[in-house]
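Q: One structure coming up, written as structure tokens, with questions to follow.
All of the numbers you see were taken from the coordinates with simple rules; none came from a lab. From a predicted model like this one, the values you see are computed outputs, not experimental measurements. Cβ coordinates were reconstructed from backbone atoms using ideal geometry, including for glycine residues, and neighbour counts include every protein chain displayed.
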Amino acid sequence: MLHDHIDLRVSHIEKTRALYDALLPALGYTRINADETHVYYHLPGEDVDFFGINADDNHRPNGTRIAFAASSREQVDELAALAKAAGARSYEPPHLCLEYTEKYYAAFFEDADGNKLEICCRN
């Protein structure tokens, strides 16, 4: 596991949740705990490893970007299409990012609150 938890702030849970409800289960987060101020997506059998979105009325997006690793370019394509269908904004379709490396393949987008996200594959 590459992370213990991610605690992302959003100004509107309802506005941003559709994207995460579609994308995170496709990435293996199978259990969801939620109320009006937070949503925690858990990995199978784990209580600690989670991706959380938490309401913060004062949140303003910045240049921070969360990149999800895909196992293949095909998975980047599938997950990017899923994100787009779920309302991803500022959507950049999957493409080779030669400015990073010759094999870096990624899609870039934002949630409804403006938080920057990416799905990438390095092979």
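Q: Round to the nearest 0.05 the FRET efficiency obtained for ARG65 and ASP35 when R0 = 30 Å and r is the Cβ-Cβ distance. Please list the in-between numbers first.
A: Details: r = 27 Å, r/R0 = 0.90.
In this case the efficiency is close to 0.65.
Q: Reachable lysines from LYS15, Cα under 17 Å, same-chain residues fewer than 8 places away excluded?
A: LYS84, LYS116
Q: Placing unit charges on C-beta atoms (Lys and Arg positive, Asp and Glu negative, everything else neutral), compute the dipole magnitude of the range 70-123 about its Cα centre in debye, rounded to 20.
A: Numbers: 6 positive and 10 negative charges, 15 e Å.
Approximately 80 debye in magnitude.
Q: While we're on this one: If each residue's Cβ is checked for other Cβ atoms within 10 Å, how do VAL76, VAL48 rank with the fewest at the top?
A: Result, fewest neighbours first: VAL48, VAL76.
Q: Further question on the same structure: Which percent of the Cα-Cα distances in the range 17-80 go past 14 Å?
A: Of all Cα-Cα distances in the range 17-80, 64 percent exceed 14 Å.
Q: Could you let me know the centre-to-centre spacing of the range 1-55 and the range 83-123, using Cα atoms, in angstrom?
A: 19
Q: Compute the helix-to-body angle for 73-85: its Cα long axis versus the longest principal axis of the chain, expressed 0 to 90° and rounded to tens.
A: It works out to around 50 degrees.
Q: What are the semi-axes of the equivalent ellipsoid for the range 5-121, taken as the square roots of 5 times the Cα gyration tensor eigenvalues, largest first, in whole Å?
A: Semi-axes (√(5λ), whole Å): 24, 17, 12.
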